[in-house]
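Worksheet: one structure, shown below.
The values are calculated or read from the model by the stated rules, or taken from the named source; none is laboratory data. Just so it is clear, the model here is predicted, and its values are computed rather than measured. Cβ: placed from backbone, ideal geometry, glycine included. Neighbour counts: every protein chain shown. Each accessible area value is taken on the protein alone, full model and side chains, heavy atoms only, with ligands, DNA and RNA left out. Shrake-Rupley method; radii C 1.70, N 1.55, O 1.52, S 1.80 Å.
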Amino acid sequence: MKEQLVYLGVDIAKYYLDAAIGSEKRRFPNEAVGHRQLIRWINQMESAVQVICEPSGGYERALVRALVGAQLKVSLVPANRVRQFARAAGILAKTDRIDANVLCAFAQAMQPGTVSASQLEQEHLRELESQRRHLTHLMVMEQNRGARVSDICVRRLNRTLIQQIKKQIEESAELSAKAQKLTAISGVGARTAALLLAQMPELGQLNRREVAALVGVAPFNRDSGKMRGKGAIYGGRRFVRHGLYMAALVAARHNPILRNFYLRLRAAGKPAKLALTATMRKLLIVLNSDLKRDLRYA
């Protein structure tokens, strides 16, 4: 029985995988054949192995899927944290094989968490949703140029991708349950639900202040000495904020609770944009609370 956990660092490049465990180092091609060879090598080891790698512009995705599919433990760690760890340890040289060793040392010190199958589903959904946004932007550009033929093609691609996103959500019981919960709130449609599920995996796991700051709808003070400036929002996840803005526009008209909230702010003399931003924040907090309630009783 495998009891002792050892870490295997894998530095990922476009064409190669440089793996290191202890003093042993190997190189594999970064393709399906190389992934199978790496998995076979890991399965031959006597100890339990956790693979450590960094995000590498998407070149790591196929490997991570293969490792999770083979029921092996794998962690994705931020590259900047690993680099800072290397500098702190006095390792200034940087090659693929050195990086693999550094990943091992980093994992032994930090013991990072592993990637789950549900996280991979969410990552795939994030890719689809990002591509949908790209196609929507492209469609607007083509409409503005008046290129009708291209416009029809982009519309068809956009519809196809939306169907793929819906299918991806429906195939995942967890995502489907969350999507039903989100779309039950007036103002939140299928696209907004897909955007939130893809770009905000933390939804339902944070408190109201944290989730508002993460999206960038939390007002921050601008005070210094006796000067009291106006609070303003900034930072956060721009694409989520854009989608939430459109949802808040609809909710301010058709959601009875949020409509009354918006009108009350306007009656108090608040500018329309400020009132709508507050409605965005209120809607986000409601969505976060609903998903958190589900997690509590799961």
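Out of the stretch 53-88, which residues are among the charged types (D, E, K, R) and either in contact (Cβ under 8 Å) with a residue 12 or more places away in the chain or open to solvent by less than 20 Å² (accessible area, probe 1.4 Å) (or both)?
54, 60, 61, 65, 73, 81
I'd like the full set of residues that are outside any helix (DSSP H, G or I) and under 18 Å from the mean Cα position of the chain (by Cα), limited to the stretch 74-98.
Across the stretch 74-98, the qualifying residues are 74, 75, 76, 77, 78.
For residue 191, all conditions in the list (1) touching a residue at least 24 places away in the same chain (Cβ under 8 Å); (2) within 16 Å of residue 241 (Cβ to Cβ); (3) not in a helix (DSSP H, G or I) hold save one; what is the number of the exception?
Tallying (1) touching a residue at least 24 places away in the same chain (Cβ under 8 Å); (2) within 16 Å of residue 241 (Cβ to Cβ); (3) not in a helix (DSSP H, G or I), residue 191 fails exactly one: (3).
Regarding the stretch 225-239, can at least one residue be identified that is part of a helix (DSSP H, G or I) and either open to solvent by less than 50 Å² (accessible area, probe 1.4 Å) or aliphatic (A, V, I, L, M) (or both)?
no
Might you check whether a residue that is touching a Leu at 6+ places or on another chain (Cβ under 8 Å), within 21 Å of residue 183 (Cβ to Cβ), in contact (Cβ under 8 Å) with a residue 24 or more places away in the chain and not aliphatic (A, V, I, L, M) occurs anywhere in the stretch 258-278?
Within the stretch 258-278 (the criterion being touching a Leu at 6+ places or on another chain (Cβ under 8 Å), within 21 Å of residue 183 (Cβ to Cβ), in contact (Cβ under 8 Å) with a residue 24 or more places away in the chain and not aliphatic (A, V, I, L, M)), the answer is no, since none of the residues qualifies.
Is it true that residue 186 is in contact with a Pro (Cβ under 9 Å, 6 or more places away or on another chain), more than 14 Å from residue 289 (Cβ to Cβ) and hydroxyl-bearing (Ser, Thr, Tyr)?
Yes: the conditions hold for residue 186.
Out of the stretch 89-111, which residues are surrounded by 12 or more Cβ atoms within 10 Å (Cβ to Cβ) and not small (Gly, Ala, Ser)?
Result: 91, 96, 97, 98, 99, 101, 102, 103, 104, 106, 108, 110.
Among the residues of the stretch 277-295, are any surrounded by fewer than 21 Cβ atoms within 10 Å (Cβ to Cβ), at pLDDT below 95 and not in a helix (DSSP H, G or I)?
No; the residues of the stretch 277-295 include none that is surrounded by fewer than 21 Cβ atoms within 10 Å (Cβ to Cβ), at pLDDT below 95 and not in a helix (DSSP H, G or I).
So, of the residues in the stretch 1-49 that are of a type in the set (A, V, I, L, M) and over 17 Å from residue 107 (Cβ atoms), which turns out to be surrounded by the most Cβ atoms within 10 Å (Cβ to Cβ)?
39
Quick one: which residue in 158, 207 is polar (S, T, N, Q) and free of Cβ contacts under 8 Å to residues at least 24 places away in the same chain?
Exactly one of 158, 207 is polar (S, T, N, Q) and free of Cβ contacts under 8 Å to residues at least 24 places away in the same chain, namely 207.
Can you find a residue that is modelled with pLDDT of 90 or more and closer than 24 Å to residue 4 by Cβ anywhere in the stretch 52-60?
The answer is yes, given that some residue of the stretch 52-60 is modelled with pLDDT of 90 or more and closer than 24 Å to residue 4 by Cβ.
Can you confirm whether the stretch 246-266 contains a residue that is more than 23 Å from residue 137 (Cβ to Cβ) and among the aromatic types (Phe, Trp, Tyr)?
yes
List pairs: first residue in the stretch 231-249 and farther than 10 Å from residue 215 by Cβ, second residue assigned to a loop (DSSP other than H, G, I, E, B) and open to solvent by 40 Å² or more (accessible area, probe 1.4 Å) anywhere in the structure, Cβ distance under 8 angstrom, at least six positions apart or on different chains.
231/219; 231/221; 231/222; 232/219; 232/222
Conditions (1) at pLDDT 85 or above; (2) surrounded by fewer than 21 Cβ atoms within 10 Å (Cβ to Cβ); (3) among the aromatic types (Phe, Trp, Tyr); (4) more than 16 Å from the chain's Cα centre (by Cα), marked per residue:
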| site | (1), (2), (3), (4) |
| --- | --- |
| 183 | yes, yes, no, yes |
| 197 | yes, no, no, no |
| 207 | yes, yes, no, yes |
| 221 | no, yes, no, yes |
| 250 | yes, yes, no, yes |
| 258 | yes, no, no, yes |
| 264 | yes, yes, no, yes |
